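Reading through the structure tokens given below for one structure.
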Amino acid sequence: MIRVLIADDQVLVRAGVRMLLQANSDMEVVGEADDGAEAVRLAERHLPDVILMDLRMPRVDGLEAIKRVLAVRPSTRIVVLTTFAEDSNVYAALRAGAVGFLVKDDEPERMVDAIRRAHAGEQLLAPSVLRRVVERFLDAEEQIGGAPRGLTEREIEVLALVGTGLSNAEIAEELHVGVTTVKTHIAAAMEKLGLRNRIQAAVVAHRSGLVDASFRPVRPPRGGAPGNPAG
């Protein structure tokens, strides 16, 4: 059962989302919040797996709420709800650790699918969107995570493929391993590098030279990433 918390200051939005999610046998809405402070409080009380977080809320906004939630529960998957896909705050939210975003007028099925994928640790950004996000992070020259030292060869391979925007299933097919194995490698690499989501992992892959400007993987020399020993 996927435990979901809804945070949005519009009553009708919350009611519509709750109705949509409760129609799915694998989902349970554990709470609703009308501002960021309430979202943080309910997250601490109900321990949701996934939070749908509006960014524009009164008193404490969604961006600050994301930071507060992840500071105490870094395993929580937060999906941003926004009215505009180009909202500049979306990038700040992804930088803070949100795993992806949904535009409020998306198809209902997309929201349900996004929650399942977030819970499974999947990528929530289409490759074209991921490209724009990564490029923006790179242009900002912001330090995210560390260089991929200490990773195994397989973890480096998986990190590079995450950087190209492939899903877990696609990475598994590429490397001829199981999806569970891919998830294990991604989780291990992200923990070693201090990363919160796959978007940050993709940025590290690009900064480390594991992925080129065309979003193709660059096979590292045996023994580690370009210029870095695997340990």
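Taken as a whole, the condition of being in contact with a Phe, Trp or Tyr (Cβ under 7 Å, 6 or more places away or on another chain) and either small (Gly, Ala, Ser) or under 19 Å from residue 23 (Cβ atoms) (or both) does not apply to residue 90. Checked against the criterion of being under 29 Å from residue 191 (Cβ atoms), of a type in the set (A, V, I, L, M, F, W, C) and in a helix (DSSP H, G or I), the candidates 98, 37, 15, 92 yield just one match: 92.
Could we say that residue 57 is more than 17 Å from the chain's Cα centre (by Cα), open to solvent by 70 Å² or more (accessible area, probe 1.4 Å) and more than 23 Å from residue 137 (Cβ to Cβ) here? Here the answer is no, as residue 57 does not meet what is asked.
Within the stretch 116-126, if we keep just the residues that are of a type in the set (Gly, Ala, Ser) and either more than 21 Å from residue 185 (Cα to Cα) or within 10 Å of the chain's Cα centre (by Cα) (or both), the residue that is surrounded by the fewest Cβ atoms within 10 Å (Cβ to Cβ) turns out to be 126. In the stretch 41-50, the condition of being crowded, with 20+ Cβ neighbours inside 10 Å, without any contact (Cβ under 8 Å) to a residue 40 or more places away in the chain and more than 21 Å from residue 106 (Cα to Cα) is met by at least one residue. Number of residues in the stretch 172-188 that are among the basic types (Lys, Arg) and in a loop (DSSP other than H, G, I, E, B): the value is 0. Among residues of the stretch 113-138 that are part of a helix (DSSP H, G or I), those with a Cβ under 7 angstrom from a residue that is among the small types (Gly, Ala, Ser), sequence gap 6+ or separate chain, pair up as 114/100; 118/100; 127/165; 130/165; 130/202; 134/202.
Yes or no: the stretch 137-152 includes at least one residue that is at pLDDT 90 or above and either among the polar types (S, T, N, Q) or open to solvent by 10 Å² or more (accessible area, probe 1.4 Å) (or both). Yes, because at least one residue in the stretch 137-152 is at pLDDT 90 or above and either among the polar types (S, T, N, Q) or open to solvent by 10 Å² or more (accessible area, probe 1.4 Å) (or both). Quick check on the stretch 189-196. Is at least one of its residues open to solvent by less than 50 Å² (accessible area, probe 1.4 Å), in a loop (DSSP other than H, G, I, E, B) and at pLDDT below 80? Taking every residue of the stretch 189-196 in turn, none turns out to be open to solvent by less than 50 Å² (accessible area, probe 1.4 Å), in a loop (DSSP other than H, G, I, E, B) and at pLDDT below 80.
If the condition is being assigned to a loop (DSSP other than H, G, I, E, B), in contact with a strand residue (DSSP E or B) (Cβ under 8 Å, 6 or more places away or on another chain) and closer than 23 Å to residue 191 by Cα, then the stretch 51-81 contributes only 76. Of all residues in the stretch 186-199, those satisfying the criterion of being touching a helix residue (DSSP H, G or I) at 6+ places or on another chain (Cβ under 8 Å) and under 24 Å from residue 129 (Cα atoms) are 186, 189, 190, 193, 195, 196, 197, 198, 199.
Yes or no, residue by residue, for (1) surrounded by 19 or more Cβ atoms within 10 Å (Cβ to Cβ); (2) over 20 Å from residue 70 (Cβ atoms); (3) modelled with pLDDT under 90:
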| site | (1), (2), (3) |
| --- | --- |
| 110 | no, yes, yes |
| 128 | no, yes, yes |
| 131 | no, yes, yes |
| 161 | yes, yes, no |
| 167 | no, yes, yes |
| 175 | no, yes, no |
| 200 | yes, no, yes |
| 208 | yes, yes, yes |
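The conditions of being open to solvent by 70 Å² or more (accessible area, probe 1.4 Å) and β-branched (Val, Ile, Thr) are not met by residue 90.
The values are calculated or read from the model by the stated rules, or taken from the named source; none is laboratory data. Just so we're clear, the structure is a prediction, and the values are computed from it rather than from any experiment. Cβ: placed from backbone, ideal geometry, glycine included. Neighbour counts: every protein chain shown. These accessible areas exclude ligands, DNA and RNA; they are computed on the full protein's heavy atoms, side chains included. Shrake-Rupley method; radii C 1.70, N 1.55, O 1.52, S 1.80 Å.
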